[in-house]
Amino acid sequence: MNLEATLSFGEVDLASQTIEIHLENSASVSGFQFLLSSDDSLDFIDSYGGSAEENGFTVDIGDNNIVLGFSLSATEIPTGSDVLTIVEFDGFTSNEICLSEGVITSGYEDAQYLDVSYGDCISLYSKGDVNMDGVLDVLDIVTIVNIIFETIDPDEYEVWASDYNSDGEINIMDIVQIVNCILSDCWEGEPEPS
């Protein structure tokens with residue numbers, strides 16, 4: 001019998017900076033580990049909730065972005081499909097986040113490995129999308145203009161997203177590049193190379 005598990009991303013809440021990690025498993029789970037890969041501008045800082053917490057698992061994230069979950073009381077996560085855990089993060093990136101290097105076990109006395117597969121990678125944020133509505137448009141430009149004129153006090157995300165060309169400054173160059181991108185329909189979350 002082939003024991004299988006799929007790890008994938010569930011709901012993402014950008015306001016609270018959390019990502020659900022979903023597990024679909026054909027056998028009960030006695031332990032798990034996986035890697036969250038992303039660039040260095042995103043820190044994974046905590047993991048909680050989900051079926052891991054409901055079943056008494058200890059779950060932690062190391063500085064190397066490996067999530068590790070196990071039970072000291074020999075409980076198991078039952079077969080099924082559910083949110084495994086919720087990961088909290090800090091920072092902003094337009095690069096993809098992926099799940100990889102999964103190791104999932106079933107049982108204790110005669111523990112077995114599950115064959116692990118993965119869902120799609122995700123992108124959390126997009127440069128230029130200052131209002132986080134998923135669209136690059138005039139509303140983003142208006143917000144950037146207000147940041148330049150100092151009529152609003154931008155939060156950390158708005159500063160990051162407004163610096164469209166990533167030169168460390170929010171100025172007319174960012175606006176011009178966003179206008180060009182809107183008119184040429186280039187937007188996929190990253191500016192076109194100059």
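The values are calculated or read from the model by the stated rules, or taken from the named source; none is laboratory data. Only a predicted model underlies this, so the values are computations on that prediction, with no experimental measurement involved. Cβ coordinates were reconstructed from backbone atoms using ideal geometry, including for glycine residues, and neighbour counts include every protein chain displayed. The area values use the complete protein model at the heavy-atom level, side chains included, leaving out ligands, DNA and RNA. Shrake-Rupley method; radii C 1.70, N 1.55, O 1.52, S 1.80 Å.
Computed extension gain for ASN180 through GLU109, at 0.36 nm per residue and net of the alpha carbon distance, reaches 19.4 nm. If you take the charge dipole of the chain about its Cα centre, with +1 on Lys and Arg Cβ and -1 on Asp and Glu Cβ, which of SER166, ASN64, PHE89 is farthest toward its positive end? Going by the charge dipole, the pick is ASN64. Sequentially through segment 83-90, phi angles give Karplus couplings (6.51, -1.76, 1.60; θ = phi - 60°) of 5, 6, 7, 10, 9, 9, 10, 9 Hz, Gly and Pro residues having no value and appearing as x. Note that segment 123-129 has calculated 3J(HN,Hα) couplings of 10, 8, 10, 10, 3, x, 7 Hz, one per residue in order, obtained from phi through the Karplus relation 6.51 cos²θ - 1.76 cosθ + 1.60 (θ = phi - 60°); glycine and proline are x.
Applying the Karplus relation 6.51 cos²θ - 1.76 cosθ + 1.60 with θ = phi - 60° to segment 66-73 yields 3J(HN,Hα) values of 8, 9, 10, x, 7, 10, 7, 10 Hz, where x marks Gly and Pro.
Computed from Cα positions, the angle between helix 138-148 and the longest principal axis of the chain comes to roughly 70 degrees.
Every helix of 4 or more DSSP H residues in the chain counts as -39500 (n - 2.57), and over all residues that averages to -5000 deg cm²/dmol at 222 nm. Note on Cα extents along the principal axes in Å: of the candidates (i) 98, 31, 30; (ii) 41, 40, 29; (iii) 65, 30, 24, the value calculated from this structure sits at (iii).
Ligands, DNA and RNA aside, CYS121 has an accessible area near 50 Å² when probed at 1.4 Å. Across segment 93-177, C-alpha contacts under 8 Å between residues 6 or more apart give a mean separation that, scaled by the residue count, equals a relative contact order of 23 percent. Based on C-alpha pairs under 8 angstrom that are at least 6 apart in sequence, the chain has a relative contact order of 22 percent.
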